[in-house]
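The block underneath contains the structure these notes are about, expressed in structure tokens.
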Amino acid sequence: MKNESKNTVENINNSNEKLLLSDVMLPCPFCGGEAQEDSEYDSDENSPDGYQFFVSCKICGATGEKFYSCTTHEIHLNTKQKIEQRENIKQSKLNAIVSWNKRA
């Protein structure tokens, strides 16, 4: 019976870790409101243009950590660069969600 209990706890811990690292957004840790993906255009003369990706609460406006992704208009990129840019954006969005979920 003791081993069954231990396995159940391990399964729950593994499930929680998978949820934290997934692209499913948990509710706001402050008010319980629904979370949403968000972004801001970042145009700084000292760095390339890009976007800051983060998660915010629809109710209280709390925001999570921001993750920057450099973007160039795709007309100026070759196929390999387009794929890399899209993957970088996707990873920045996922990082923002994972960071948010760890706070929740």
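The requirement of being surrounded by 12 or more Cβ atoms within 10 Å (Cβ to Cβ), more than 15 Å from Arg103 (Cβ to Cβ) and modelled with pLDDT under 95 is satisfied by Tyr68. So Asn78 ticks every box in (1) under 22 Å from Ser22 (Cα atoms); (2) surrounded by fewer than 16 Cβ atoms within 10 Å (Cβ to Cβ) but one. Which box is left unticked? Checking Asn78 against (1) under 22 Å from Ser22 (Cα atoms); (2) surrounded by fewer than 16 Cβ atoms within 10 Å (Cβ to Cβ), the one that fails is (1).
Tell me which residues, restricted to the range 71-84, are under 12 Å from Tyr51 (Cβ atoms) and at pLDDT 90 or above. Talk me through it step by step, then tell me what you get.
Initially, the range 71-84 is screened for residues under 12 Å from Tyr51 (Cβ atoms), giving 71-72.
The answer is none; no residue qualifies.
Among the acidic types (Asp, Glu), under 13 Å from Leu26 (Cα atoms) and under 10 Å from the mean Cα position of the chain (by Cα) - does that describe any residue in the range 37-48? Yes: one or more hits. Quick one: is Ile75 within 20 Å of Val24 (Cβ to Cβ), free of Cβ contacts under 8 Å to residues at least 60 places away in the same chain and of a type in the set (A, V, I, L, M)? Against the criterion (within 20 Å of Val24 (Cβ to Cβ), free of Cβ contacts under 8 Å to residues at least 60 places away in the same chain and of a type in the set (A, V, I, L, M)), Ile75 does not qualify.
Residues in the range 19-38 that are out of contact with any helix residue (DSSP H, G or I) (no Cβ under 7 Å at 6 or more places or on another chain) and either within 10 Å of Cys57 (Cα to Cα) or at pLDDT 95 or above (or both): Pro27, Cys28, Phe30, Cys31, Gly32, Gly33, Glu34, Gln36, Asp38.
The values are calculated or read from the model by the stated rules, or taken from the named source; none is laboratory data. As the structure is a computational prediction, the values presented were derived from the model and not from experiment. Glycine also receives a Cβ, built like all others from the backbone with ideal geometry; neighbour counts cover every protein chain displayed.
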